[in-house]
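Undergrad: Structure provided below as structure tokens; questions to follow.
The values are calculated or read from the model by the stated rules, or taken from the named source; none is laboratory data. The structure presented is a predicted model; accordingly, all values stated were derived computationally and were not measured. Note that we place each Cβ from the backbone using ideal geometry, even for glycine, and neighbour counts take in every protein chain shown. Quick note on the areas: whole protein, heavy atoms, side chains included, nothing else; ligands and nucleic acids left out. Shrake-Rupley method; radii C 1.70, N 1.55, O 1.52, S 1.80 Å.
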Amino acid sequence: MKAVGHQQPLPIEDERSLLDCDVPKPEPGPRDIRVAIKAVSVNPIDTKVRKRATPPAGEYKILGYDAAGIVDTVGSEVTLFQPGDEVFYAGSLVRQGTNAEFHVVDERIVGRKPRTLSFAEAAALPLTSITAWELMFDRMGIAQGKADNRTLLIIGGAGGVGSIMIQLARKLTGLTVIATASRPETIEWCLDLGAHHVVDHSQPMKEQIEKLNLPPVAWMASLTATDQHFKAMADILAPQGVIGLIDDPPPLDITLIKFKAGSLRWESMFTRSTFQTPDMVAQHHLLNRVADMIDAGEIKTTLDKVFGKITASNLRAAHATIESGKSIGKIVLEGW
């Protein structure tokens with residue numbers, strides 16, 4: 001089958017950083033489904049793994065996590081899907097990736113594709129939807145429902161996770177949502193997705209937020225550049241508030257939130273699949289809930305651009321855009 005892989009960590013400008021290749025079609029295990037891949041999206045994790053992973057000599061590491069496609073065949077113990085089903089999912093760190101014509105994935109981390117979306121539109125959603133959902137509701141402990149009317153600050157609101165988090169927070173909670181963005185196009189993007197307010201993270205944030213005269217900022221989702229903003233976040237955080245983060249900052253001075261009895265929570269959406277946790281099927285249910293919300297018109301895809309077919313050159317362009325830090329929403333590649 002066709003695939004795009006890499007054989008050594010290289011800068012994305014190097015044509016050898018991602019290569020078109022032919023690899024054997026994978027066979028599903030008992031709880032696996034094999035999916036004919038129709039579209040994939042690119043996330044920061046793709047670029048991070050490309051920079052550090054070195055497969056055995058002569059072998060390819062296939063990258064890619066987000067995917068949408070059609071179930072081709074199923075393992076002997078599969079109960080959630082059957083051949084012909086349209087699905088979307090975010091894969092696993094410990095298996096080969098989705099940048100291939102066929103991909104094998106555990107059924108428990110797969111959801112049904114939203115019926116109202118194309119494969120490209122659906123491929124933009126899984127990893128960021130899982131990350132945003134788990135960060136807010138599983139890690140930070142935000143309650144669904146309208147009872148909590150405090151404030152959620154989303155740092156990096158126009159990125160992939162921020163774009164879906166804004167929508168989920170508006171639809172499923174009563175929180176006032178502040179997103180951060182620093183360019184006219186990203187400010188507009190956040191407002192269009194439903195943020196009540198947008199502040200500029202390249203300027204002092206506390207002063208901007210104080211001028212809004214809002215309820216206390218009890219919740220903060222730090223999605224990028226946590227080390228740059230942590231001092232300001234600690235200053236803004238309400239007493240007994242919670243900061244959730246997903247990026248990879250250098251060591252932080254967490255004593256800055258000690259006297260506020262603040263909490264720091266990590267989210268990694270690959271934890272359940274990597275460690276095969278007993279609640280792994282939660283991601284199946286979560287993705288189905290997201291699909292239902294999409295089909296009901298309650299939230300929308302965060303797809304921004306389609307970079308063409310799934311080829312090494314197009315994936316290099318997508319990785320370069322992600323690494324520039326200037327992307328908005330999600331980048332998708334579709335078809336072979």
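Undergrad: Would you please list the contacts, defined by Cβ atoms under 7 Å and residues six or more apart or on different chains, that run from a residue in segment 270-299 that is over 18 Å from MET165 (Cβ atoms) and among the acidic types (Asp, Glu) to a residue that is open to solvent by less than 50 Å² (accessible area, probe 1.4 Å) and part of a helix (DSSP H, G or I)?
TA: ASP279/ARG272
Undergrad: Go through segment 1-29 and report how many residues are within 30 Å of VAL78 (Cα to Cα) and of a type in the set (Asp, Glu).
TA: Within segment 1-29, residues that are within 30 Å of VAL78 (Cα to Cα) and of a type in the set (Asp, Glu) number 2.
Undergrad: Determine which single condition GLY308 fails, assuming it passes every other condition in (1) open to solvent by 50 Å² or more (accessible area, probe 1.4 Å); (2) at positive phi.
TA: The failed condition is (1).
Undergrad: So which residues in segment 41-67 are within 24 Å of the chain's Cα centre (by Cα), of a type in the set (A, V, I, L, M, F, W, C) and within 22 Å of GLN8 (Cα to Cα), if there are any at all?
TA: Across segment 41-67, the qualifying residues are VAL42, ILE45, VAL49, ALA53, ILE62, LEU63.
Undergrad: Going by what's in this entry, would VAL78 be described as open to solvent by 10 Å² or more (accessible area, probe 1.4 Å), more than 22 Å from THR311 (Cβ to Cβ), touching a residue at least 40 places away in the same chain (Cβ under 8 Å) and in contact with a Pro (Cβ under 9 Å, 6 or more places away or on another chain)? Write out each step before concluding.
TA: On the way: open to solvent by 10 Å² or more (accessible area, probe 1.4 Å): yes; more than 22 Å from THR311 (Cβ to Cβ): yes; touching a residue at least 40 places away in the same chain (Cβ under 8 Å): yes; in contact with a Pro (Cβ under 9 Å, 6 or more places away or on another chain): yes.
Yes.
Undergrad: Give segment 122-153 a look and list any residue that's polar (S, T, N, Q) and not in a helix (DSSP H, G or I), or say none.
TA: GLN144, ASN149, THR151
Undergrad: Of all the strands (runs of 3 or more DSSP E) wholly in segment 1-117, which have at least 1 residues that are among the polar types (S, T, N, Q)?
TA: Counting at least 1 such residues, we get 32-42, 67-74.
Undergrad: Quick check on ILE187: is it under 21 Å from the mean Cα position of the chain (by Cα), β-branched (Val, Ile, Thr) and either within 20 Å of PRO251 (Cα to Cα) or open to solvent by 20 Å² or more (accessible area, probe 1.4 Å) (or both)? Working first, answer last.
TA: Details: under 21 Å from the mean Cα position of the chain (by Cα): yes; β-branched (Val, Ile, Thr): yes; either within 20 Å of PRO251 (Cα to Cα) or open to solvent by 20 Å² or more (accessible area, probe 1.4 Å) (or both): yes.
Spelling it out, ILE187 is indeed under 21 Å from the mean Cα position of the chain (by Cα), β-branched (Val, Ile, Thr) and either within 20 Å of PRO251 (Cα to Cα) or open to solvent by 20 Å² or more (accessible area, probe 1.4 Å) (or both).
Undergrad: Determine which member of the set GLU13, GLU107 is more than 22 Å from ASP247 (Cβ to Cβ) and either at pLDDT below 95 or open to solvent by 50 Å² or more (accessible area, probe 1.4 Å) (or both).
TA: The unique qualifying residue is GLU13.
Undergrad: When both residues are 6+ apart or on different chains and their Cβ atoms are under 7 Å apart, which pairs have a first residue that lies in segment 111-124 and is more than 13 Å from THR98 (Cβ to Cβ) and touching a residue at least 24 places away in the same chain (Cβ under 8 Å), and a second that is of a type in the set (S, T, N, Q) and surrounded by fewer than 21 Cβ atoms within 10 Å (Cβ to Cβ)?
TA: Here the result reads GLY111/ASN288; ARG112/ASN288, each pair linking segment 111-124 to a residue that is of a type in the set (S, T, N, Q) and surrounded by fewer than 21 Cβ atoms within 10 Å (Cβ to Cβ).
Undergrad: Let me ask something else about it. Only one of LEU333, LEU252 is open to solvent by less than 10 Å² (accessible area, probe 1.4 Å), in contact with a Phe, Trp or Tyr (Cβ under 6 Å, 6 or more places away or on another chain) and not in a helix (DSSP H, G or I); which?
TA: The conditions single out LEU333.
Undergrad: Now, a different point. Can you tell me which residues in segment 138-177 are on the phi < 0 side of the Ramachandran plot and open to solvent by 30 Å² or more (accessible area, probe 1.4 Å)?
TA: ASP138, ARG139, ALA143, GLN144, LYS146, ALA147, ASP148, ASN149, ARG150, ARG170, LYS171
Undergrad: Follow-up. Residue check: is GLU86 among the acidic types (Asp, Glu), within 17 Å of the chain's Cα centre (by Cα) and open to solvent by 20 Å² or more (accessible area, probe 1.4 Å)?
TA: Taking the combined requirement at face value, the residue does not satisfy it.
Undergrad: Answer yes or no: is there a residue in segment 314-323 that is surrounded by 20 or more Cβ atoms within 10 Å (Cβ to Cβ), polar (S, T, N, Q), closer than 27 Å to PRO114 by Cβ and within 19 Å of the chain's Cα centre (by Cα).
TA: Here is the first cut: in segment 314-323, the ones surrounded by 20 or more Cβ atoms within 10 Å (Cβ to Cβ) are 315-316, 318-319, 322.
Subsequent filtering for residues that are polar (S, T, N, Q) retains none.
No - not one qualifying residue is present in segment 314-323.
Undergrad: Mind checking whether some residue in segment 221-234 is within 16 Å of PRO249 (Cβ to Cβ), charged (D, E, K, R), open to solvent by 10 Å² or more (accessible area, probe 1.4 Å) and modelled with pLDDT of 95 or more?
TA: Yes, segment 221-234 contains at least one residue that is within 16 Å of PRO249 (Cβ to Cβ), charged (D, E, K, R), open to solvent by 10 Å² or more (accessible area, probe 1.4 Å) and modelled with pLDDT of 95 or more.
Undergrad: With the requirement that a residue be in a loop (DSSP other than H, G, I, E, B), surrounded by fewer than 16 Cβ atoms within 10 Å (Cβ to Cβ) and charged (D, E, K, R), what does segment 255-283 give you?
TA: ASP279
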